[in-house]
1. Name the residue that is least open to solvent (accessible area, probe 1.4 Å), counting only residues in segment 191-225 that are part of a helix (DSSP H, G or I) and either within 19 Å of V157 (Cβ to Cβ) or in contact with a Lys or Arg (Cβ under 6 Å, 6 or more places away or on another chain) (or both).
2. Identify, please: which residue in segment 53-80 is over 15 Å from R43 (Cβ atoms) and among the polar types (S, T, N, Q) and is, among those, nearest to the chain's Cα centre (by Cα)?
3. Take E48 and decide whether it is without any contact (Cβ under 8 Å) to a residue 60 or more places away in the chain and over 25 Å from Q143 (Cβ atoms).
4. Within segment 77-91, take every residue that is assigned to a helix (DSSP H, G or I) and farther than 15 Å from E66 by Cα and give me the one that is most open to solvent (accessible area, probe 1.4 Å).
5. Considering (1) open to solvent by 60 Å² or more (accessible area, probe 1.4 Å); (2) part of a helix (DSSP H, G or I); (3) touching a residue at least 60 places away in the same chain (Cβ under 8 Å), say which one P101 fails and leave the rest.
6. Taking segment 32-60 as the region of interest, how many residues are open to solvent by 50 Å² or more (accessible area, probe 1.4 Å) and either basic (K, R) or under 13 Å from E72 (Cα atoms) (or both)?
7. Give the residue, chosen from L185, L162, that is under 16 Å from A218 (Cα atoms) and free of Cβ contacts under 8 Å to residues at least 24 places away in the same chain.
Amino acid sequence: ELHAADVADLIQFIAPDARPGLVDAIRGVLNPEVLAELDDDVRGRVVEQLGASETALALADLETDEAIEVLETLKAPVRRAVIDSLDADQRAAVEDGLSYPGESAGRLMQREVMTVPEYWNVGQTIDFMREAGDAADDTQPAQFYDIFVVDPAHRPVGAIPLSRLLRTGRPVAVRDIMETEMKVLPVTTDQEDVAFVFRRRDLVSAPVIDDAGRLVGAITIDDVV
């Protein structure tokens, strides 16, 4: 019943010789978020105890940025074994994320982003979000603050805060309520610069683009914190 952060504290603070027994006792109900909350050294030991297959199943329930955060702290052989145990789509996503510099926007971002085309209206957007939620679509973010509007080349052209969307009538076009003056971050942006931009502009999320200007992910305030 504890929050994932509290379970992580319990695992970290318990006597090291008692830790394996605790992990074995709770492994069947272990919240995957616990892995993201653990200190690097303890995380490595817990992952080795769980094994590559069980760890991969846990990472499958995390968003890609959290999965990458876990993987990048593991020893190379353990990391490789866990990555090889992921399904093809998630393996490709985490390998892509790990290819970016260690302290860049590409590492911080989540790849699951809520996007809609600029010719949709508010009603279509709301229905799409509900259908994605009902279908448990793992290509959509579990939590998000803004919806990004993209052009046919998947380049971000605007953003809509959820509060504005829900206060607008269904027939209104998204292009009429989107914010076009948004801060877009290249994947190579240093994490310190990302944090500076979020503080300076009071952002809760920002789109991340590749060298061609295509939307590849988003950074949210919890990633920055």
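1. For segment 191-225, the residue satisfying everything is V197.
2. Among them, the one singled out is T64.
3. Numbers: without any contact (Cβ under 8 Å) to a residue 60 or more places away in the chain: yes; over 25 Å from Q143 (Cβ atoms): yes.
Yes.
4. So in segment 77-91, the residues assigned to a helix (DSSP H, G or I) come out as 77-85, 88-91.
Checking the rest, the ones that are also farther than 15 Å from E66 by Cα come to 77-78, 80-81, 84-85, 88-89.
Working: P77: 102, V78: 35, R80: 100, A81: 42, D84: 91, S85: 52, A88: 64, D89: 130 Å².
My answer is D89.
5. (2)
6. 4
7. Selected residue: L162, the only one of L185, L162 that is under 16 Å from A218 (Cα atoms) and free of Cβ contacts under 8 Å to residues at least 24 places away in the same chain.
The values are calculated or read from the model by the stated rules, or taken from the named source; none is laboratory data. Quantities reported herein were computed from a predicted structural model and do not represent experimental measurements. Here the Cβ is made from the backbone with ideal geometry for all residues, glycine too, and neighbour counts use every protein chain on show. Note: areas computed on protein heavy atoms with side chains; ligands, DNA, RNA excluded. Shrake-Rupley method; radii C 1.70, N 1.55, O 1.52, S 1.80 Å.
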